[in-house]
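The structure appears below as structure tokens.
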Amino acid sequence: MKQECKLGMIWLTWLGIPALALLMGIKLGWLAALFILIVGVFAQSIYIKVFPKMSRLLGYGSVEDVAVDSTQKIKVPSKVMLYTANVCPFCPIVKQRLIELQKNLEFQLEEIDITFKPNIIKEKGIRSVPVIEKDGKYLFGNATSAQLCEFLTK
């Protein structure tokens, strides 16, 4: 299974929890709805934090990193864009790897959360996240530090 989050599933998560809370509010009362919302947000936060340890069990395989030789400083003369979406467990992994690579590759990193930005999604043709863009070229999905370094220095 490719290590990426389909935007449709992210939107389903964002719509599913409030819909469930609304249904519970109607059936059991608004206190139950509030409980569902709080538990849903809390569960998503925990899921993202423990995902690296659970990724194999969920069928995504390992998200372990492959490091790069960090002794050489290289200036990457362009801006690197990272397109992310809320509740994607791969996005913080890639973001952290890019931040670490910034120390030696010296590039400017800009992160854009596209969860609810249909204009960017349509313009860029993005269907899943994370997406790294440099000089009009794209790298989709989770990537190791070695893969990111290779992409950025080409």
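Conditions first: (1) assigned to a helix (DSSP H, G or I); (2) under 22 Å from LEU148 (Cα atoms). GLU64 passes all but one, so which condition is the exception? Of everything listed in (1) assigned to a helix (DSSP H, G or I); (2) under 22 Å from LEU148 (Cα atoms), GLU64 misses just condition (1). May I ask you to list the residues in segment 59-89 that are under 25 Å from ILE114 (Cβ atoms) and of a type in the set (Gly, Ala, Ser)? Matches in segment 59-89: GLY59, GLY61, SER78, ALA85.
Has segment 20-42 got any residue that is among the basic types (Lys, Arg) and in a helix (DSSP H, G or I)?
As a first pass, look at segment 20-42 and keep what is among the basic types (Lys, Arg): 27.
Now narrow it down to the ones that are in a helix (DSSP H, G or I): 27.
Among the residues of segment 20-42, at least one is among the basic types (Lys, Arg) and in a helix (DSSP H, G or I), which makes the answer yes.
If you go through segment 125-154 and keep only what is farther than 16 Å from SER78 by Cα, surrounded by 19 or more Cβ atoms within 10 Å (Cβ to Cβ) and modelled with pLDDT under 95, you end up with just ILE126.
The values are calculated or read from the model by the stated rules, or taken from the named source; none is laboratory data. Only a predicted model underlies this, so the values are computations on that prediction, with no experimental measurement involved. Don't worry about glycine lacking a Cβ; one is built from the backbone with ideal geometry, like all the others, and counts go over all protein chains shown.
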